[in-house]
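Here's the structure we're looking at; comments come further down.
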Amino acid sequence: MTQARTLHVRCSTWEQVDVFTTRKLRKGKLLSMKVPFETTIGSRVTLGLELPNQLVVAIDGVVQRASPIAVEPGKVETTARTWIEIELTGLTDDVMARIRTMASEESEQHTPPIGGTPMVRRKTAPVVDDLPADEKALFQHLSGELRRLRSAAVHDVLGVANDADAAQVRTSWKNLVRRHHPDLVARRNAPAISHLAEELTILSNRAYDRLRAALVAEGRGTIVGPTLSSPAGWLVGFDDIASGDGTISPRASQPRLQHVPDATPKPRTSPTLPPAQIHGGEAFEQRARVMLGQGQAQNAREVLAAALVVYPRSKSLRSLYYVATAVVALQDGEVMLATSQLENALAHHESCVEAAMLLDHVKKFGADRNEDLMRIFL
Amino acid sequence: MSRAVGIDLGTTNSVIALIDKDGAPRILTTQEGSTTMPSLVWYSPRGPVVGEAARAGLDHSPDCTIFGAKRLLGRRFDHPEIRRLARTLPFELTEAPNGDTWVQLAAGRAIAPEEVCGLILRELRRTAEAFLHESVTSAVITIPAWYDAAQRQATKDAAQIAGLTVLRLLSEPTAAALGHGAHRGADRRFLVCDLGGGTFDVAVVDVDAGVFEVLATTGDPFLGGDDVDRAIIENLVRDVRQARGIDITSDAIAIERLRLAAQRTKHELSDAATAKLQISELAQLPSGRGVEYNRIVRRDELELWASPLVRRIEAPVVEALERAGRRREEVEEVLLVGGSTRMPAVRKEIARVMGQEPSALPNPEEVVAIGAALEVARLDGTIEGVLLIDVAARGLSMSTLESECEMVIAQSSIVPTREHRLLATRSDNQPRIEFDMWEGESPDPSGNRHLGRYAVVDLPLAPAGDVLVLVEVTLDTDGVVRLSASELVSGERLTLEQIFHAGLTRAEVSRLAKQVAEIDA
């Protein structure tokens, strides 16, 4: 009988804690790791998870699998090495909830980390309180900007009028980059600030590339700067470029990459759709409502799904997505699914009128009289 | 307190520079007193020898002396250019399990080009440490502008093997413009032609109030001074056969001697109309008697031999101008960088293509490293008001199992940038979705470079099509690709698994880094 060993996992940032709990663990409690000792299946180990706030959470576990690592020929290993897989029996939902609460309290002001494959250099995010005053102010300023620009339409991101010409677009993009480029804050050695700056630059660059493509497509003068080939794929987020719709949409003959259910070719625009000049998430909402009113719930759902990519924080878009899903379910006669989707919609956005009305309708008629549903959206 | 340096990791020669205490950029000299160090590693019986000292290996054991490792870095073994190159190299290339190109040593060991470059970088790092008397842990490393994501990652891996953190991968033409002092002069529209030992780079760079904007980059990864050397050798071998009646094609040592002499002659011919090529002992006759080889080489001969190569300069230049949406008359200054631009034929060709005389830099070999050192200063805030804006040299595409590749990020997009794609499950309770990433914009996968296959795993159980996975592709300022996946509707982050990935694994890199660090001890 081997004694219970303790393994320490040190997380110096909340980002790492997040990575540990969401990505390192399989099925929520299986952890594979390399340990410098020999062990057998069934032995007990305790995992000490060291959190950035100096707390250590002890989590019991049992070794489920163990395989010694072959020593490379010609190299003398002084210590035995074993790959083990531990089932963290002590990692109950309670413990997880506690860690999550701490993490969300501590990292509230951080924007969600951009995750990635192991290719990503993991940067350690500093605790905001440790930043000197001017950095803190900078951080707040940048995150405020990011929040504002994330939900803005392309023209607003660049701060130009809707009919701005190529030169204006270029000037304002350049000014934005001059203000936010991550290189300008590199000397601060503050990863959180660099990250915000990078995100802001990504936003401006994307807006610029989109507008540029639209202007070129429109034939409004040659553009100064690199020419772009038209990007294919889901660019619905920037449909509000008046000219963008027909010209930067994917080549119709090509098979589409994303396999959204029943992605049958459908008209991307129809005369009844709202004018494209409306900016922000609202355009999508209106468009989706029109589609729902026309009984094209499936299409509406796709449009909303795409819109959510661009406006992930929009409650009304999210609730409308659930409503559209519910309508699709109703068309298939799945009342239970529809009900749960509508409840979801209300949970996300209490004042979602459509969801409330639909829910009433479903309670009264079930999956019958679906033709009445469309009227709700008109 | 550790310092950062700027490194021009060249195909044939590497240069290291830093910013002096008085703020001036300075090229460091090697032990031998030269400003450039040959990018050579000789795997001698007593361990690896790097730089000038490794030249001895070219004579003794050409099959264990690796040059031009930069050309092999991050490239697939089955690439036609690599196949072509493999036939001409004195050492043997082999295919790594993941399809990368590795070097097979005579001793039976296969080594990754990352390791070779890592050793070169380590040697440069030691040069800097000897000069500074303090440790050097980070660097700006220059790379050809057309490097794809795998090659960029491989360069970063090489730096990690050498114990260096990469502050920035800077494209060589941008570094050249920076090193030329373009940020101090008037606003100009540049075309930078960088013809080095092994690669040719073209970039259209605008400098406007301290903002360097790369509008387009193109290049030819297999065109450089080494190819000129090879052309000379081919012709001389024919000449030897005719004049002496011996065939030295398969005599690696004789070819190596010829290469050194050809290089010297080529350099002399940049300034003179004729040069004398002398090799006291080229090869041995079966009787054991040495064969002497002397010959006068004229410049017009050299130009004739090199003309197929010189003609290849035009296409990338024209393409770069086209991509930048610029006519050649609009270019205000043509910068020539890289040792091979000293060749009069090259200058003439570029002048012909551009319709204007290019600027002659006094130090075309060093200007890139100076640019890298200035970049270090720029990043730490010593130089203010200068900003570099770069574009993606190539587009990125994505494909799922059966579909064609579909473009995600367009060529010439300004970096950093990010795009997303939606993937949906196609069967009920589908646990994972696999997809491939490609570099290139062709719908046909065979026209693109495979970067890797990834899987989004542990998907929530749901009917087909209900799980929508949002895959975000970020191309950062270094031109390195990052991926992340999340469930669209809930916004929950999903696990991405690497099934196949070009280049070394993290574990291999750290193992090599440890191994290389042990050589020091």
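Screening B:Val509 on (1) assigned to a helix (DSSP H, G or I); (2) surrounded by fewer than 15 Cβ atoms within 10 Å (Cβ to Cβ) shows it passes everything except condition (2). When the residues of region B:431-484 are filtered to those that are β-branched (Val, Ile, Thr) and in contact with a Pro (Cβ under 9 Å, 6 or more places away or on another chain), the one that is farthest from A:Ser194 (Cα to Cα) is B:Val467.
Here B:Arg506 meets the list (1) among the charged types (D, E, K, R); (2) within 12 Å of another protein chain (Cβ to nearest Cβ); (3) touching a residue at least 24 places away in the same chain (Cβ under 8 Å) almost entirely, failing just condition (3).
Here is a yes/no grid of residues against (1) modelled with pLDDT under 75; (2) touching a Cys at 6+ places or on another chain (Cβ under 9 Å); (3) more than 14 Å from chain B (Cβ to nearest Cβ):
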site	(1), (2), (3)
A:Pro250	yes, no, no
A:Pro255	yes, no, no
A:His279	yes, no, yes
A:Arg301	no, no, no
A:Val309	yes, no, no
A:Arg313	yes, no, no
A:Leu317	no, no, no
A:Val327	no, no, yes
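Which one is nearest to B:Ser307 (Cα to Cα) among residues in region B:348-376 that are among the charged types (D, E, K, R) and without any contact (Cβ under 8 Å) to a residue 24 or more places away in the chain? So the residue we want is B:Lys348.
For region B:303-324, the criterion of being part of a loop (DSSP other than H, G, I, E, B), within 24 Å of B:Ala145 (Cα to Cα) and touching a helix residue (DSSP H, G or I) at 6+ places or on another chain (Cβ under 8 Å) is satisfied by no residue at all. Here region A:106-141 is the region considered, the condition is being loosely packed, with under 14 Cβ neighbours inside 10 Å and under 20 Å from the mean Cα position of the chain (by Cα), and the residue that is modelled with the highest pLDDT is A:Glu108.
Among the conditions (1) small (Gly, Ala, Ser); (2) modelled with pLDDT of 90 or more; (3) under 12 Å from the mean Cα position of the chain (by Cα), the only one that B:Ala159 does not satisfy is (3). Filtered by the rule that a residue be among the β-branched types (Val, Ile, Thr) and at pLDDT 80 or above, region A:142-170 gives A:Val157, A:Val160, A:Val169.
Here the helices (runs of 4 or more DSSP H) wholly within region B:1-108 that include at least 2 residues being within 30 Å of B:Pro445 (Cα to Cα) are B:69-72, B:80-88.
Answer with yes or no whether B:Ser280 is part of a loop (DSSP other than H, G, I, E, B) and free of Cβ contacts under 8 Å to residues at least 60 places away in the same chain. When the stated conditions are applied, B:Ser280 does not pass them.
Kindly indicate the residue of region A:163-199 that is surrounded by 18 or more Cβ atoms within 10 Å (Cβ to Cβ) and outside any helix (DSSP H, G or I) and also farthest from the other protein chains (Cβ to nearest Cβ) among those meeting that condition. Of everything passing the filter in region A:163-199, A:Ala164 is farthest from the other protein chains (Cβ to nearest Cβ). Looking for something touching a residue at least 40 places away in the same chain (Cβ under 8 Å) and out of contact with any Lys or Arg (no Cβ under 6 Å at 6 or more places or on another chain) - is there at least one such residue anywhere in region A:356-363? Checked region A:356-363: no residue is touching a residue at least 40 places away in the same chain (Cβ under 8 Å) and out of contact with any Lys or Arg (no Cβ under 6 Å at 6 or more places or on another chain). In contact (Cβ under 8 Å) with a residue 24 or more places away in the chain, surrounded by fewer than 24 Cβ atoms within 10 Å (Cβ to Cβ) and more than 16 Å from the chain's Cα centre (by Cα), is that true of B:Arg184? Taking the combined requirement at face value, the residue does not satisfy it. Evaluate region B:306-314: report whether one residue or more is at pLDDT 90 or above and within 14 Å of another protein chain (Cβ to nearest Cβ). Within region B:306-314, not a single residue is at pLDDT 90 or above and within 14 Å of another protein chain (Cβ to nearest Cβ). Scanning region B:193-231 for residues that are in contact with a Leu (Cβ under 7 Å, 6 or more places away or on another chain) and over 18 Å from B:Pro173 (Cβ atoms) turns up B:Asp227, B:Val228, B:Ala231.
Can you name the residue in region B:365-379 that is more than 12 Å from B:Leu18 (Cβ to Cβ) and more than 20 Å from the chain's Cα centre (by Cα) and is also surrounded by the fewest Cβ atoms within 10 Å (Cβ to Cβ) among such residues? Ranking the candidates gives B:Leu379 first. Inspection of region B:26-41 finds a residue satisfying the criterion of being of a type in the set (A, V, I, L, M), more than 22 Å from B:Leu89 (Cα to Cα) and modelled with pLDDT of 85 or more.
Considering the conditions (1) surrounded by fewer than 19 Cβ atoms within 10 Å (Cβ to Cβ); (2) modelled with pLDDT of 90 or more, B:Ala4 is excluded by exactly one of them, (1). Restricting attention to region B:379-416 and to residues that are over 26 Å from B:Pro173 (Cα atoms) and assigned to a loop (DSSP other than H, G, I, E, B), the residue that is modelled with the highest pLDDT turns out to be B:Cys405.
Let's see how each residue does on (1) closer than 20 Å to B:Phe77 by Cβ; (2) of a type in the set (Asp, Glu); (3) in contact with a helix residue (DSSP H, G or I) (Cβ under 8 Å, 6 or more places away or on another chain); (4) touching a residue at least 24 places away in the same chain (Cβ under 8 Å):
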position	(1), (2), (3), (4)
B:Leu93	yes, no, yes, no
B:Ile111	yes, no, no, yes
B:Leu119	no, no, yes, yes
B:Ala154	yes, no, yes, yes
B:Ala159	no, no, yes, yes
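Taken residue by residue, region B:37-57 has at least one member that is in contact (Cβ under 8 Å) with a residue 24 or more places away in the chain, of a type outside the set (D, E, K, R), farther than 30 Å from B:Ala377 by Cα and loosely packed, with under 14 Cβ neighbours inside 10 Å.
One residue stands out in region B:91-143 among those that are among the hydroxyl-bearing types (Ser, Thr, Tyr) and touching an Asp or Glu at 6+ places or on another chain (Cβ under 9 Å): the one that is surrounded by the fewest Cβ atoms within 10 Å (Cβ to Cβ), namely B:Ser135.
Conditions tested, residue by residue: (1) surrounded by 22 or more Cβ atoms within 10 Å (Cβ to Cβ); (2) within 14 Å of chain A (Cβ to nearest Cβ); (3) not basic (Lys, Arg).
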{"site": "B:Leu321", "(1), (2), (3)": "yes, yes, yes"}
{"site": "B:Glu329", "(1), (2), (3)": "no, no, yes"}
{"site": "B:Leu335", "(1), (2), (3)": "yes, no, yes"}
{"site": "B:Pro344", "(1), (2), (3)": "no, no, yes"}
{"site": "B:Val353", "(1), (2), (3)": "no, no, yes"}
{"site": "B:Ile383", "(1), (2), (3)": "no, yes, yes"}
{"site": "B:Leu388", "(1), (2), (3)": "yes, yes, yes"}
{"site": "B:Glu404", "(1), (2), (3)": "no, yes, yes"}
{"site": "B:Ile409", "(1), (2), (3)": "yes, yes, yes"}
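Tallying residues that are surrounded by fewer than 20 Cβ atoms within 10 Å (Cβ to Cβ), of a type in the set (A, V, I, L, M, F, W, C) and farther than 17 Å from B:Ala56 by Cα within region B:249-274 yields 2.
Per-residue answers, yes or no, for (1) outside any strand (DSSP E or B); (2) more than 17 Å from B:Phe67 (Cβ to Cβ); (3) over 26 Å from the mean Cα position of the chain (by Cα):
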{"position": "B:Ile248", "(1), (2), (3)": "yes, yes, yes"}
{"position": "B:Ile253", "(1), (2), (3)": "yes, no, yes"}
{"position": "B:Leu260", "(1), (2), (3)": "yes, no, no"}
{"position": "B:Gln263", "(1), (2), (3)": "yes, no, no"}
{"position": "B:Pro286", "(1), (2), (3)": "yes, yes, yes"}
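The values are calculated or read from the model by the stated rules, or taken from the named source; none is laboratory data. As the structure is a prediction and not an experimental result, all values here were calculated from the model. Note that each Cβ is placed from the backbone with ideal geometry, even for glycine, and that neighbours are counted across all protein chains shown.
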